[in-house]
Amino acid sequence: IKETLFALKQAEAEAQQARGFADKLIDSSVDGILAFDNEYRLTVWNSQMEKLSGRPREAVLGQSAFEVFPFLKEMGEDEYFQEALGGKNVVAKDRSYPFSENGDTGVFEAQYSPIYGEGNEIIGGIATIRDVTHFAQVEGKLQEAEEITRQAENEIQNKEQEVQQERNQAELAE
């Protein structure tokens, strides 16, 4: 019996160590990582999700994603959750999420995937959330610069045409 108890305690310690390592892996990601069960209850919420959303994991774990963030349903994000639970890997690009309480929004890319259980049944979903706000801002500035360049090119073409017309008129006058 002692040997059995010792083996059980050792197996339990190894399992806890493995869980701790998995938690550290998830928390080490630069992306937000969340997981949810078949009822959309949040089961994983890494430290990056805490930073992005302003909500500590203790406040969201066990809660429905759509109760914690009602705007997800309003903006149709629930479809991506459903697709993941339906076995699909899906990407939601350039989505504006008003995560913070003060109404600030960011631009994010979210990738949703199913989580499979031991019997290959879907037991939930996982999402990685990448903040692409900076890239969206840079892209916006690039588009502005391209528009300014187009306008400058048009002005140059117009001036060239005016100069050519003046030359033609001067040649006719001679």
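Contact list please: Cβ distance under 8 Å, first residue in the range 30-43 and within 11 Å of I126 (Cβ to Cβ) and among the aromatic types (F, W, Y), second residue open to solvent by less than 10 Å² (accessible area, probe 1.4 Å) and modelled with pLDDT of 95 or more, pairs at least six apart or on different chains.
Taking only residues 6 or more apart or on different chains, the pairs are F36/L42; F36/A65; F36/F81; F36/G124; F36/G125; F36/A127.
Spot the failing condition for E144; the list is (1) at pLDDT below 70; (2) crowded, with 16+ Cβ neighbours inside 10 Å, and only one is missed.
Unmet condition: (2).
Scan the strands (runs of 3 or more DSSP E) fully inside the range 1-102 and keep the ones with 2 or more residues being modelled with pLDDT under 90.
Details: elements: 32-37, 42-45, 90-97.
Qualifying strands (runs of 3 or more DSSP E): 90-97.
Would you mind finding the one in S64, S47 that is within 16 Å of the chain's Cα centre (by Cα), over 13 Å from I126 (Cα atoms) and either surrounded by 10 or more Cβ atoms within 10 Å (Cβ to Cβ) or among the basic types (K, R) (or both)?
Result of the check over S64, S47: S47.
For the range 115-136, check the following and say yes or no: at least one residue is assigned to a helix (DSSP H, G or I), aromatic (F, W, Y) and either modelled with pLDDT of 90 or more or within 30 Å of N38 (Cβ to Cβ) (or both).
To start, the set of residues in the range 115-136 that are assigned to a helix (DSSP H, G or I) comprises 133-136.
Subset that is aromatic (F, W, Y): 135.
Remaining after also requiring either modelled with pLDDT of 90 or more or within 30 Å of N38 (Cβ to Cβ) (or both): none.
No; the residues of the range 115-136 include none that is assigned to a helix (DSSP H, G or I), aromatic (F, W, Y) and either modelled with pLDDT of 90 or more or within 30 Å of N38 (Cβ to Cβ) (or both).
Assess whether K51 counts as being basic (K, R) and either in contact (Cβ under 8 Å) with a residue 12 or more places away in the chain or in contact with a strand residue (DSSP E or B) (Cβ under 9 Å, 6 or more places away or on another chain) (or both). Steps first, please.
Values: basic (K, R): yes; either in contact (Cβ under 8 Å) with a residue 12 or more places away in the chain or in contact with a strand residue (DSSP E or B) (Cβ under 9 Å, 6 or more places away or on another chain) (or both): yes.
Considered against the rule, which asks whether it is basic (K, R) and either in contact (Cβ under 8 Å) with a residue 12 or more places away in the chain or in contact with a strand residue (DSSP E or B) (Cβ under 9 Å, 6 or more places away or on another chain) (or both), K51 comes out as yes.
The values are calculated or read from the model by the stated rules, or taken from the named source; none is laboratory data. Being a predicted model, the structure only gives us computed values, none of them experimental. Ideal geometry is used to build each Cβ from the backbone, glycine not excepted, and the neighbour counts take in all protein chains shown. Accessible surface areas use protein heavy atoms only, side chains included; no ligands, DNA or RNA. Shrake-Rupley method; radii C 1.70, N 1.55, O 1.52, S 1.80 Å.
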